[in-house]
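The values are calculated or read from the model by the stated rules, or taken from the named source; none is laboratory data. No experiment lies behind these values; they were computed from the predicted model shown. With ideal geometry, Cβ positions are generated from the backbone for all residues, glycine too; neighbour counts draw on all protein chains shown. Side chains included, ligands, DNA and RNA excluded: accessible areas come from the protein's heavy atoms. Shrake-Rupley method; radii C 1.70, N 1.55, O 1.52, S 1.80 Å.
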Number of protein chains: 2
Amino acid sequence: MGTMTDHRPAEPMNWELYMPGISIDCVIFGYHNKELKILILEYKKSGIFALPGGFLRKDEELKDAAKRVLFERTGLRDIYLNQFHTFGSLKRGDIGPMHTVLRKNNMPFDNRHFLLQRFISVSYYALVDFKQVDPVADILSDSCQWYDSHHLPPLMLDHHEIFEKALEHLRNNIDRSVVGLNLLDDTFTMRELQNLYETILGEKLNRTGFHRKMMLSGQLKRLGKKKTGKAHRSPFVYKFTEEKK
Amino acid sequence: MGTMTDHRPAEPMNWELYMPGISIDCVIFGYHNKELKILILEYKKSGIFALPGGFLRKDEELKDAAKRVLFERTGLRDIYLNQFHTFGSLKRGDIGPMHTVLRKNNMPFDNRHFLLQRFISVSYYALVDFKQVDPVADILSDSCQWYDSHHLPPLMLDHHEIFEKALEHLRNNIDRSVVGLNLLDDTFTMRELQNLYETILGEKLNRTGFHRKMMLSGQLKRLGKKKTGKAHRSPFVYKFTEEKK
DNA sequence: AAATTATTGTTACAATATGTAACAATAATA
DNA sequence: TATTATTGTTACATATTGTAACAATAATTT
């Protein structure tokens, strides 16, 4: 976790520079081995798991704050980001978990500490290339790891609800080429694209119907053939006509 | 403008009870005479127009805050509400307009006044029965009026962008019966329903195709006939099978 | 009372999209 | 050379959508 690079801010937080009561949470999706993966933080010594998140600087655009969080966790810039909902449930005001984190880390605080107030969470989901990501833990966390979306650890506060809503929005957007562009390699076979769809939607799709729909959609360009080494006809490889960025 | 009832809070705001930097803005849609209407506030003596909005109490759910704003402006409870986006552009931090409002109203303030900070706006759209609404101005405003969505006055800050995004979401949700349930009378003819669709979508629809789609959707129940007084066949009246609430 | 008018409800048919099965192509293996 | 597994293609049934034609009918006009 973060052995290669460390994007953590070196200085401790100066809370004066941040908007109080507003947090940014990110559901970071990756795709590997036919599994939809999510990046999850574990707070030091507390056994508390959470979505990667951060705060909004007073001089910063919302989306830039989300980009900053993503850079700090993944080292990647120019990531696909989509704001999907803002969560403000009062049970988010449960200071228990954060209280535990501060105490276990021997950090000084009183009950009016920035982190112990009620927070409204503006939430984004991100689509990243699993292979390019080097997950980095932050100053309060001892790990930042990919988890299969079907085997998430118990998450803090309403973070599981946030994940579920993000997945719902991802499913609604699956036909936009930006999904495949960011979760697959540059080139892929039709079966690999179908596997991605089936993983995200959580259901099997008809092979020929899928093939036809994709070819008619106009978002794919067929390239050469790909030798698989298997005892059967070799598939074509495709790429999206749209540029990644 | 609030001649019948006044839902304004009697007491001046105690800013201590509210989350700083977080506002709630509402795009309130009504429908009348084949026009999509929006409720707009005009601040006293300033010529500044804005969406109805308010602030989030520290002990209040986000959606309850939006409901409170709606009640204060329309006198209605149990309104259909949908959170669609959160706006946080730095240009929202432009204190010019609010500065003007406070000054013109001879309200004391300094540059750290609650209202002069940067705000993040969690935005909802609402669907209300035009005929049941009695628009009420608030303490800073001298009017709260319906405007045709095609003839809105110039709006404060990014409020026009907020309206446009709300309309986009309304258009995406138009096939859900909740739209017709809240914008039309309990019973209506097929033509009246089609008029609503055409107004919201901003385009003409094919009559027979619309009729068939609606009947096959299963969300309509046909009642008796309606004498229109016009020299032609009288239409059926319909209602939605789903209950209003 | 019969013809006219305007709009509604229904039917028909074409065009398009979707679900499913059959079949041909082919790269490696037996 | 035959076998095997998977791919690309074609075919056909079913469902959906776009469009036009036509029949029904409530009030008005003649």
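Among the residues here, B:Val69 qualifies as more than 14 Å from chain A (Cβ to nearest Cβ), assigned to a helix (DSSP H, G or I), crowded, with 17+ Cβ neighbours inside 10 Å and of a type in the set (Val, Ile, Thr). Scanning the stretch A:204-224 for residues that are part of a loop (DSSP other than H, G, I, E, B) and within 11 Å of DNA strand C (Cβ to nearest atom), we see that the one that is nearest to the other protein chains (Cβ to nearest Cβ) is A:Gly218.
Considering only residues of the stretch A:189-245 that are modelled with pLDDT under 90 and more than 8 Å from DNA strand D (Cβ to nearest atom), which is surrounded by the fewest Cβ atoms within 10 Å (Cβ to Cβ)? Applying the filter and picking the extreme gives A:Gly229.
Checking the structure you have, find out if any residue of the stretch B:52-63 is in contact (Cβ under 8 Å) with a residue 60 or more places away in the chain, within 14 Å of chain A (Cβ to nearest Cβ) and under 17 Å from the mean Cα position of the chain (by Cα). Yes, there is a match, as at least one residue in the stretch B:52-63 is in contact (Cβ under 8 Å) with a residue 60 or more places away in the chain, within 14 Å of chain A (Cβ to nearest Cβ) and under 17 Å from the mean Cα position of the chain (by Cα). When the stretch B:225-245 is limited to residues that are part of a loop (DSSP other than H, G, I, E, B) and of a type in the set (Lys, Arg), the one that is nearest to B:Met190 (Cα to Cα) turns out to be B:Lys226. On the stretch given as the stretch A:113-164, residues that are in a helix (DSSP H, G or I) and either crowded, with 21+ Cβ neighbours inside 10 Å or not acidic (Asp, Glu) (or both) total 10. For the stretch B:138-166, a residue qualifies if it is under 23 Å from B:Ile79 (Cα atoms) and without any contact (Cβ under 8 Å) to a residue 40 or more places away in the chain, and the qualifying residues are B:His160, B:Glu164. For A:Asp186, state whether it is open to solvent by 70 Å² or more (accessible area, probe 1.4 Å), away from DNA strand C (no atom under 16 Å from the Cβ) and not assigned by TED's automatic domain parsing to the domain that holds A:Val69. In short, yes. Scanning the stretch A:60-101 for residues that are of a type in the set (Phe, Trp, Tyr) and within 19 Å of A:His160 (Cα to Cα) returns A:Phe84, A:Phe87. Taking the criterion of being within 18 Å of the chain's Cα centre (by Cα) and without any contact (Cβ under 8 Å) to a residue 24 or more places away in the chain, the only residue of the stretch B:186-201 that qualifies is B:Tyr197.
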